[in-house]
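Visitor: The structure under discussion is supplied below as structure tokens; questions concerning it will follow.
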Protein chains: 2
Amino acid sequence: MTALQRQGQAAKAASYALATAGTAKKNEALEAIARVLTERRDLWLAANAEDVAAARESGMAPAMLDRLTLTEERIAGIVEGVRQVVALPDPIGRADKTETRPNGLLISRRRVPLGVIAIIFEARPNVTVDAAALCLKSGNACILRGGREAIRSNRCVSALMREALASAGLPEDCVSLVQDTDRETARELMHLDQYVDVLIPRGGAGLIRAVAQDASVPVIRTGEGVCHLYVDSEADLDMAARVLQNAKCSRPSVCNAVECVLVHRDIAADFWRRALPLLEQVELRADPAAREILGERAVPAEESDWDAEYDDYILAVRTVDCLEEAIQFINRHGTQHSESILTTNYFKAQRFLAAVDAAAVYVNASTRFTDGGEFGLGAEIGISTQKMHARGPMGLEELTSCKYVVYGEGQVR
Amino acid sequence: MTALQRQGQAAKAASYALATAGTAKKNEALEAIARVLTERRDLWLAANAEDVAAARESGMAPAMLDRLTLTEERIAGIVEGVRQVVALPDPIGRADKTETRPNGLLISRRRVPLGVIAIIFEARPNVTVDAAALCLKSGNACILRGGREAIRSNRCVSALMREALASAGLPEDCVSLVQDTDRETARELMHLDQYVDVLIPRGGAGLIRAVAQDASVPVIRTGEGVCHLYVDSEADLDMAARVLQNAKCSRPSVCNAVECVLVHRDIAADFWRRALPLLEQVELRADPAAREILGERAVPAEESDWDAEYDDYILAVRTVDCLEEAIQFINRHGTQHSESILTTNYFKAQRFLAAVDAAAVYVNASTRFTDGGEFGLGAEIGISTQKMHARGPMGLEELTSCKYVVYGEGQVR
């Protein structure tokens, strides 16, 4: 048995204890985690400082370095996040489809944990705690595999969380960290079918695609966001310009930011007159029709621009002749994340909402709202862009499965 | 582009039309299918007769031959099944989580089809129509790949169904049959990620495991059933004997039949005195402790018996010392299908229901009730034994996904 197999076996055993632990016990463990991370934050900060120093020495880019770095304030935010998870309602044990059948059987469908959730993520030490807290509250054991660059931070914080779990009377193997950060171990984790119920990769599109391609355990794909805004011929163009500015510029690095705007030919000139002043820091990559209007302000779009997730101040621009062309383009080039139409026409709005195939479809609003908090689900572990199991922001309920519970009195069939 | 890729592309295009077709139109198509299968059943019977003749010539076993054979009566049953699907409520468009957020966004989670469902099945021509009807009603296009032995029957019935679809004004590519029945084409279908949203294998455990292992498209595993009955020290032993007889003998070839009985040591002799007369046609494979009681009536169980899905008049018998041993044994050797405890003790019943990890858990009832009809879901496409997406009997709702629909007035974040 390999080290990872032993870890998987221990997580599975812990998951059975956690599945029947009850809300009070799980909240107690989360409170213990919040406490130990606060009281012993110096340990965590020191380990993180070593990670940061090593990363700086190896020439990590400043933006990446910033994401790796912990501060007192960031730790306080992480701890606050754990306390918010304590406050969320526990989905486990809720039941629906409860009925007494004609033969007297009392049947009910009860929410249960998925079991063991593996999470592969990059060098953001906050993910370690966020993910563990959501898994714990939803009754799932988790196996965390973070990036090499954050290994000292992750070893420290996972040890602290395990200590907190034990102090609250839960198995410490409810949370465990994969100690090796090499690719072979990651690949082994993707094939640990016997012990891992679900694998959730969190990070860039490259990581997610690689994991989905290679894994034999079930994967939930999250956070791939090639999102579109379609400005219809009957849109309120001032509103459209403001929404585009927000959807592109308020935080271009996140997955719900818009990467491509589709503009109806009839209002394109009017629209761009209003929109250009709001997009000063944005590079535009446009099709020939749009370049006739945008002139020097745009560079020619290449084929690859229609499928690009820039995560940056870059926007693809395409001219369309009608709503149906926009819908077809989005269904072909989108990643089924978030798509929005700007229109004042009722029938076009309803048609777009019905026909566009995505986790979230909007009329007259920014795509930036696709988020667990904004949707009222509380904390989220990611935005699912697949259709199986969960779609859109994944809160606690999306980390559960169900079982049918049947009470009988000797019934036979 | 291969023939299968073209078929996938056509199915995807049809799925978009079907997704917004509305309940009345879908029911009209189902009624047209029921009508054409009735009116032109002679065509289907003739094609089937050729399949049966070829299969008999190649030496197919009588039980298999019987499953392949269509009769007037069986076709009437299949048509009746289609009409039952017409009568089921349409899950598409139902919404939940509807709320107006503080910023005025009106958010709702709406049921939508999965898209394109591929189904790989063996030589049972009824599955072709059952599966197509359930997919159609839930707004999904389907790609059917049946066994080689039924290819003439399947070609005929799929052509009839496509004709009915067209007559009702829906794209005929909502239903299509894979024309080649070789392994390479099946493997290509398992990797048609671009067009297939979900793959559901229907058939024996061997088929399902092979598909789940090989496929890169998402798979829903159904129908693997190593089910247990645990007879507790405090059971009503007459009830336990009757339930065991039903769970094993009423239809041993189906997935919800019991394959292994766990008997508490303290009541084993009493229990077997009552149970043996009811299990006359059953071969018992027992552990040493049970053999002391069963004597000549049982053969020794081998290690492989604890994981065997016999689908036959064979039963593995194991003696346990306590409830916890039974729970652990079931969680290790079960396939998470259906598990039942016989006990009069309230606390043991509750503990078993909570701790056993399966799609359906029972107290004092036969496992044979795990079925879409028995659970009140209407027709089912299979019993899911996985935790992702759907668990237990899969009705129409389990063939859907969701999308968040957001109505705004220019909101930005």
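Visitor: Taking only the range B:373-395 into account, find how many residues are in a loop (DSSP other than H, G, I, E, B) and among the polar types (S, T, N, Q).
Guide: 2
Visitor: Then there's this: All but one of (1) closer than 25 Å to A:Gly139 by Cα; (2) not in a helix (DSSP H, G or I) hold for A:Met60; state the number of the condition that does not hold.
Guide: Checking A:Met60 against (1) closer than 25 Å to A:Gly139 by Cα; (2) not in a helix (DSSP H, G or I), the one that fails is (1).
Visitor: Another question, then. Pairs, please: C-beta under 8 Å, at least 6 apart or cross-chain, first residue closer than 14 Å to A:Val317 by Cα and in the range A:272-285, second part of a loop (DSSP other than H, G, I, E, B) and open to solvent by less than 60 Å² (accessible area, probe 1.4 Å)?
Guide: What qualifies is A:Arg285/A:Ala301.
Visitor: Further question on the same structure: Exactly one condition in (1) in a loop (DSSP other than H, G, I, E, B); (2) open to solvent by 40 Å² or more (accessible area, probe 1.4 Å); (3) touching a residue at least 24 places away in the same chain (Cβ under 8 Å); (4) over 15 Å from B:Asp232 (Cβ atoms) is false for B:Thr335; which is it?
Guide: The number of the failed condition is (2).
Visitor: Sticking with this one: How many residues are over 13 Å from A:Glu397 (Cα atoms) and in contact with a Lys or Arg (Cβ under 9 Å, 6 or more places away or on another chain) if we restrict to the range A:78-94?
Guide: 2
Visitor: Can you pull out every residue in the range A:85-94 that is surrounded by fewer than 15 Cβ atoms within 10 Å (Cβ to Cβ) and either of a type outside the set (Gly, Ala, Ser) or assigned to a helix (DSSP H, G or I) (or both)?
Guide: Selection gives A:Ala87, A:Pro89, A:Arg94.
Visitor: Which count do you get for residues in the range A:379-389 that are open to solvent by less than 20 Å² (accessible area, probe 1.4 Å) and over 30 Å from B:Asn256 (Cβ atoms)?
Guide: Of the residues in that region, 5 qualify.
Visitor: Quick check on B:Glu303: is it open to solvent by 30 Å² or more (accessible area, probe 1.4 Å) and either over 27 Å from B:Ile208 (Cα atoms) or of a type in the set (S, T, N, Q) (or both)?
Guide: Answer is no for this residue.
Visitor: Scan the range A:207-230 and report the pairs whose first residue is without any contact (Cβ under 8 Å) to a residue 12 or more places away in the chain and whose second residue is β-branched (Val, Ile, Thr) and surrounded by 23 or more Cβ atoms within 10 Å (Cβ to Cβ), with Cβ atoms within less than 8 Å and a gap of 6+ or a chain change.
Guide: From residues that are without any contact (Cβ under 8 Å) to a residue 12 or more places away in the chain, the pairs are A:Ala212/A:Val219.
Visitor: A further question follows. Based on this model, can you work out whether A:Gly392 counts as at positive phi, open to solvent by 20 Å² or more (accessible area, probe 1.4 Å), without any contact (Cβ under 8 Å) to a residue 60 or more places away in the chain and within 7 Å of chain B (Cβ to nearest Cβ)?
Guide: Against the criterion (at positive phi, open to solvent by 20 Å² or more (accessible area, probe 1.4 Å), without any contact (Cβ under 8 Å) to a residue 60 or more places away in the chain and within 7 Å of chain B (Cβ to nearest Cβ)), A:Gly392 does not qualify.
Visitor: Taking the range B:195-216 as the search range and keeping residues that are modelled with pLDDT under 90, within 11 Å of another protein chain (Cβ to nearest Cβ) and outside any helix (DSSP H, G or I), which one is surrounded by the most Cβ atoms within 10 Å (Cβ to Cβ)?
Guide: Per the criteria, the residue is B:Ala215.
Visitor: Would you mention how many residues in the range B:253-298 are closer than 12 Å to B:Thr367 by Cβ and either out of contact with any Leu (no Cβ under 9 Å at 6 or more places or on another chain) or within 14 Å of another protein chain (Cβ to nearest Cβ) (or both)?
Guide: The number of residues fulfilling the criteria is 5.
Visitor: Any chance the range A:253-269 includes a residue that's under 18 Å from A:Arg285 (Cα atoms), modelled with pLDDT of 95 or more and part of a loop (DSSP other than H, G, I, E, B)?
Guide: Within the range A:253-269 (the criterion being under 18 Å from A:Arg285 (Cα atoms), modelled with pLDDT of 95 or more and part of a loop (DSSP other than H, G, I, E, B)), the answer is yes, since at least one residue qualifies.
Visitor: Please state which one of B:Asp173, B:Asp90, B:Asp130 is acidic (Asp, Glu), within 21 Å of the chain's Cα centre (by Cα) and more than 20 Å from A:Leu353 (Cα to Cα).
Guide: B:Asp130
Conditions (1) touching a Pro at 6+ places or on another chain (Cβ under 7 Å); (2) of a type in the set (Asp, Glu), marked per residue:
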position	(1), (2)
B:Arg6	no, no
B:Ala17	yes, no
B:Ala29	no, no
B:Val36	no, no
B:Glu39	no, yes
B:Ala53	no, no
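Visitor: Moving on to the next point. Could you go through the range A:101-119 and let me know if any residue there is open to solvent by less than 40 Å² (accessible area, probe 1.4 Å), away from chain B (no Cβ under 14 Å) and aliphatic (A, V, I, L, M).
Guide: Checking the range A:101-119: at least one residue is open to solvent by less than 40 Å² (accessible area, probe 1.4 Å), away from chain B (no Cβ under 14 Å) and aliphatic (A, V, I, L, M).
Visitor: Please find, among A:Ile330, A:Ile381, the residue that is touching a residue at least 60 places away in the same chain (Cβ under 8 Å), more than 8 Å from every other protein chain (Cβ to nearest Cβ), of a type outside the set (Ser, Thr, Tyr) and under 29 Å from A:Arg111 (Cα atoms).
Guide: A:Ile381
Visitor: Look through the range A:151-160, keep the residues that are out of contact with any Ser or Thr (no Cβ under 8 Å at 6 or more places or on another chain) and hydrophobic (A, V, I, L, M, F, W, C), and return whichever of them is most open to solvent (accessible area, probe 1.4 Å).
Guide: A:Ala159
Visitor: Of everything in the range A:63-82, what is touching a Leu at 6+ places or on another chain (Cβ under 8 Å) and either in a helix (DSSP H, G or I) or basic (Lys, Arg) (or both)? Give them in sequence order.
Guide: Of everything in the range A:63-82, those that are touching a Leu at 6+ places or on another chain (Cβ under 8 Å) and either in a helix (DSSP H, G or I) or basic (Lys, Arg) (or both) turn out to be A:Glu72, A:Ile75, A:Ile78, A:Val79, A:Val82.
Visitor: Given the conditions (1) at pLDDT 95 or above; (2) over 30 Å from B:Lys348 (Cα atoms), which single one is not true for B:Arg242?
Guide: Result: B:Arg242 fails condition (2) only.
Visitor: Within the range B:33-47, can you find the residues that are assigned to a helix (DSSP H, G or I) and within 13 Å of B:Ser158 (Cα to Cα)?
Guide: Correct list: B:Ile33, B:Ala34, B:Val36, B:Leu37, B:Arg41, B:Leu43, B:Trp44, B:Ala47.
Visitor: Hey, any hits in the range A:343-354 for a residue that's buried (at least 18 other Cβ atoms within 10 Å of the Cβ) and part of a strand (DSSP E or B)?
Guide: No - not one qualifying residue is present in the range A:343-354.
Visitor: Restricting to the range A:217-252, give me the number of residues that are in contact with a strand residue (DSSP E or B) (Cβ under 8 Å, 6 or more places away or on another chain), within 11 Å of chain B (Cβ to nearest Cβ), over 15 Å from A:Val363 (Cα atoms) and open to solvent by 10 Å² or more (accessible area, probe 1.4 Å).
Guide: Of the residues in the range A:217-252, 3 are in contact with a strand residue (DSSP E or B) (Cβ under 8 Å, 6 or more places away or on another chain), within 11 Å of chain B (Cβ to nearest Cβ), over 15 Å from A:Val363 (Cα atoms) and open to solvent by 10 Å² or more (accessible area, probe 1.4 Å).
Visitor: Here is a check on your reading of the model: is B:Gly376 open to solvent by 10 Å² or more (accessible area, probe 1.4 Å), out of contact with any helix residue (DSSP H, G or I) (no Cβ under 7 Å at 6 or more places or on another chain) and within 10 Å of chain A (Cβ to nearest Cβ)?
Guide: For B:Gly376, the condition - open to solvent by 10 Å² or more (accessible area, probe 1.4 Å), out of contact with any helix residue (DSSP H, G or I) (no Cβ under 7 Å at 6 or more places or on another chain) and within 10 Å of chain A (Cβ to nearest Cβ) - is met.
Visitor: OK, next. I'm checking my understanding of the structure. Among residues of the range A:355-372 that are within 10 Å of another protein chain (Cβ to nearest Cβ) and in a loop (DSSP other than H, G, I, E, B), which one is surrounded by the fewest Cβ atoms within 10 Å (Cβ to Cβ)?
Guide: That would be A:Asp371.
Visitor: Only one residue in A:Glu398, A:Glu409, A:Glu324 is in a strand (DSSP E or B) and open to solvent by 10 Å² or more (accessible area, probe 1.4 Å), so which one is that?
Guide: Going through A:Glu398, A:Glu409, A:Glu324 in turn, just one is in a strand (DSSP E or B) and open to solvent by 10 Å² or more (accessible area, probe 1.4 Å): A:Glu409.
Visitor: Hey, another quick one. May I ask you to list the residues in the range A:286-310 that are within 26 Å of the chain's Cα centre (by Cα) and over 29 Å from A:Ala354 (Cβ atoms)?
Guide: A:Ser304
Visitor: Sticking with this structure for a sec: Taking A:Val412 and the conditions (1) more than 17 Å from B:Val405 (Cβ to Cβ); (2) more than 8 Å from chain B (Cβ to nearest Cβ); (3) over 22 Å from the mean Cα position of the chain (by Cα), which numbered condition does it fall short on, given that it satisfies the others?
Guide: Here A:Val412 meets the rest and fails (2).
The values are calculated or read from the model by the stated rules, or taken from the named source; none is laboratory data. Note that the structure is a prediction, hence the values are computed from the model and not measured. Ideal geometry is used to build each Cβ from the backbone, glycine not excepted, and the neighbour counts take in all protein chains shown. Accessible surface is based on the protein model in full, side chains and every heavy atom, while ligands, DNA and RNA are left aside. Shrake-Rupley method; radii C 1.70, N 1.55, O 1.52, S 1.80 Å.
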